[in-house]
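The values are calculated or read from the model by the stated rules, or taken from the named source; none is laboratory data. Computed from a predicted model, the values in this text were never measured in an experiment. No Cβ is skipped: glycine too gets one built from the backbone with ideal geometry, and neighbour counts run over all protein chains shown. Ligands, DNA and RNA are stripped out before the accessible areas are found, and what is left, the full protein with its side chains, is counted by its heavy atoms. Shrake-Rupley method; radii C 1.70, N 1.55, O 1.52, S 1.80 Å.
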Amino acid sequence: EAAAKTNKIIHVKKGQFLNAESMLKVVEKFRKFGHTNKIILCERGTMFGYNDLIVDFRSIPVMKEFGFPVIMDVTHSLQQPNQSNGISGGKPTLIETIAKAGVAVGADGIFMETHIDPKKSKSDGENMIKLDEVEDLLKRLQKIKNSL
């Protein structure tokens, strides 16, 4: 309610326990509390079990039907929570794959965590893209977007 009443642009990440259709209730709640500004919805995977997240790319066009931009949170989608060592793991080798798929199915933007040296980051280093790899990846993603 407090976030809605600010009437600022709101970026809402889909809960990892929700399906895409359930995000309509989130949008409705913001509107109920008087929010009239832009809402941006974010896909970031679904907890499937086996300490891994799964991205159901159908979520992007489903949430776009609500009339709001949808962002693909690439790096959090590759996070592997609850590892036996107590630290979340990740699969950064799949960053480009997930990003390309997100763009191909209509994501309006990409979110990625980055660091000069991900192994030295204080959080989420296991699923980050190295900073010096971002520009080339964005160029490849732009080519996909332009071809649609």
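Stokes-Einstein at 20 °C, 1.002 mPa s, Kirkwood radius from Cα pairs: D for the chain in µm² s⁻¹?
133
For Leu18, list long-range residues whose amide hydrogen, built 1.01 Å from N in the peptide plane, is under 5 Å from its own amide hydrogen.
Those lying under 5 Å, H to H, from Leu18: there are none.
With the full set of protein chains in place, find how many percent of the accessible area of the range 95-148 is carbon and sulfur; take the probe as 1.4 Å.
53
Could you work out the helix-only [θ] at 222 nm for the chain, with each DSSP H run of four or more residues adding -39,500 (n - 2.57) and the total divided by the number of residues, to the nearest 500 deg cm²/dmol?
Value at 222 nm, helices only, nearest 500: -10000 deg cm²/dmol.
Just the Cα atoms of the range 1-85, one point each, no solvent: what log10 I(q)/I(0) does Debye give at q = 0.11, 0.20 Å⁻¹?
-0.32, -0.87
Using a 10 Å Cβ count of at most 13 others and DSSP loop calls, identify the longest part of the chain lacking such GluC sites (Glu not before Pro).
Excluding the exposed sites themselves, the longest stretch runs over 66-148.
Using Cα atoms only, what is the angle between the long axis of helix 131-147 and the major principal axis of the chain, expressed in degrees (0 to 90) to the nearest 10?
Value to nearest ten degrees: 50.
If contacts are Cα pairs under 8 angstrom and at least 6 residues apart, what is the relative contact order of the chain in percent?
18
Let me know the charge dipole size of the range 64-148 about its Cα centre in debye, to the nearest 20, where only the beta-carbon of Lys, Arg (+1) and Asp, Glu (-1) is charged.
Charge dipole, the range 64-148, about its Cα centre: 140 debye, nearest 20.
So with the 1.4 Å probe, I'd like the accessible area per residue for the range 1-46, rounded to whole Å².
59
Could you give the size of the charge dipole of the range 1-75 about its Cα centre, using +1 on the Cβ of each K and R and -1 on the Cβ of each D and E, expressed in debye and rounded to the nearest 20?
Computed charge dipole of the range 1-75: roughly 380 debye.
Based on DSSP, what percent of beta bridges with both residues in the range 35-148 are antiparallel, to the nearest 5?
DSSP beta bridges in the range 35-148 are roughly 40 percent antiparallel.
Do any trypsin sites (Lys or Arg not before Pro) in the range 48-131 lie in a DSSP loop with no more than 10 other beta carbon atoms within 10 Å, and if so, which?
Hits after loop and neighbour filter: Lys122.
Among His35, His76, His11, what's the order by accessible area (1.4 angstrom probe), most exposed first?
If we order His35, His76, His11 from most to least accessible, we get His11, His76, His35.
Taking only Cα atoms, what is the 0 to 90° angle, nearest 10, from helix 23-32's long axis to the longest principal axis of the chain?
Rounded to the nearest ten degrees, it is 40.
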